1. Relative to the Cα centre, what is the charge dipole magnitude of the chain, using +1 at the beta carbon of each Lys and Arg, -1 at the beta carbon of each Asp and Glu, and rounding to the nearest 20 debye?
2. Report the extension gain between Arg292 and Gln109 in nm, rounded to one decimal, defined as 0.36 nm multiplied by the number of residues separating them, less their alpha carbon distance.
3. Take each of the peptides 154-165, 255-266, average the number of other beta-carbon atoms within 10 Å over its residues, and list them starting from the highest.
4. What does the charge count near Ala78 come to, summing +1 for each Lys or Arg and -1 for each Asp or Glu among other residues with Cβ under 15 Å from its Cβ?
5. Take every DSSP beta bridge whose two residues both sit in the chain, then give the antiparallel share in percent to the nearest 5.
6. In whole Hz, what ³J(HN,Hα) sequence does the range 303-316 give by Karplus (6.51, -1.76, 1.60; θ = phi - 60°), x for Gly and Pro?
7. Would you kindly derive the ³J(HN,Hα) couplings of the range 220-234 from the backbone phi angles with the Karplus curve 6.51 cos²θ - 1.76 cosθ + 1.60 (θ = phi - 60°), listing them in order in whole Hz, with x for Gly and Pro?
8. Based solely on its DSSP helices, what 222 nm [θ] is calculated for the chain when runs of n ≥ 4 H residues each add -39,500 (n - 2.57) and the sum is averaged over all residues, nearest 500 deg cm²/dmol?
Amino acid sequence: MTGQGTFWACSIAIGLMAASAAAGINDGSIRLRTSAQVSGERIVLAEIARLTGNAVEFSDIDLGYAPDAGTTRRITGASILARLRDAGMDEDSTRYHIPSSVRVERAHQEVDPEIMRVAIEQAMLDWMQPGDEIDSMELPARLRVPLGEFDLRIGDLEAVSRRLHQVEMSVEQEGRVVARKPVRLRISSRGTVVVARRAVPRGGVLTAADVRLEERSLRGLHPTVLTHADEAIGRHATVALAPGAILTARAVEAPVLVEKGDSVRVAIETPGLRLVVPAEALDSAGLGERIRVLNPSSGREFTAEVIAHGKVLVHY
């Protein structure tokens, strides 16, 4: 009897051990990290926890949106536990270790500034006029985007001031904008300007030997800068001009060919008719400038263009 009783006792013990081992196979554990990095747009449990046994079935539990690339977000342990319970976690068969919060960081890559620069320069070819050039470009110091391939999209060029412009740069992944940054540009033009070939004293009359044409950046130049030599030749310098000085309309003036009160000859031209009548100048002016003149016989006042010394022209 003793031997038989011992046999049955051993069989029961072995059976209990086997049942316990079988139950252990189905048990699971969940151990959350205190910090983790994710790569996708959503946070799933498997990315922030170590799962074993039957807990693996909770791998795809969605814990919400991931933070922006390169930034972090904290998820409370209480909210994670609530999601596990909602998903049907059996707390009797699942061991879990959940901290008070989990710090989640979104994996990222930084866009190379040179890639940004080239993309903007290429886009600006469709906007800038011949002779325009980009003097400076205020690129973002750091542009973080999610991992993966991306495309840069450059928006329309918008004027902020006369020389300061702005474009919007967007980063797209799989057809979705993941980052957007404004970029400011300083754009100037290059063009032909008139410069002094040699020193000219104040009041000196400029000749063809005194000026030349040069291509220069127009950035910062006065709007009245001269661009054709004939705008300077034959005019007086209003200031002393140094060699290489860029000439503006303020730096030269036409010699006075008609003084106020002078008697002038007025040429009147109409289709098929040309008349010359005497008149009195009511203003002083140089070549090509317009003045008021008075017909003494009729008392009529009209405007005419100075075309020579003491001679003006009226077009009808």
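No lab work stands behind these numbers, since they all come straight from the coordinates. None of these values were measured; they are calculated from a predicted model. Glycine also receives a Cβ, built like all others from the backbone with ideal geometry; neighbour counts cover every protein chain displayed.
1. Details: 38 positive and 42 negative charges, 212 e Å.
The dipole of the chain has a size of about 1020 debye.
2. Value of the extension gain: 58.8 nm.
3. Values: 154-165: 12.9, 255-266: 16.2.
Answer by packing, highest mean first, reads 255-266, 154-165.
4. Values: positive: Arg74, Arg83, Arg85; negative: Asp86, Glu91.
Cβ neighbours under 15 Å give a net charge of +1.
5. Values: 69 of 82 bridges.
Counting DSSP beta bridges with both partners in the chain, the antiparallel share is about 85 percent.
6. In residue order, the calculated couplings are 9, 9, 9, 6, 10, 6, 5, x, 9, 10, 10, 10, 9, 10 Hz.
7. Result, ordered by residue: x, 7, 5, x, 8, 4, 7, 10, 10, 4, 5, 6, 10, 4, x Hz.
8. Numbers: 4 runs with 51 residues, N = 316.
Here the helix-only value at 222 nm equals -5000 deg cm²/dmol.
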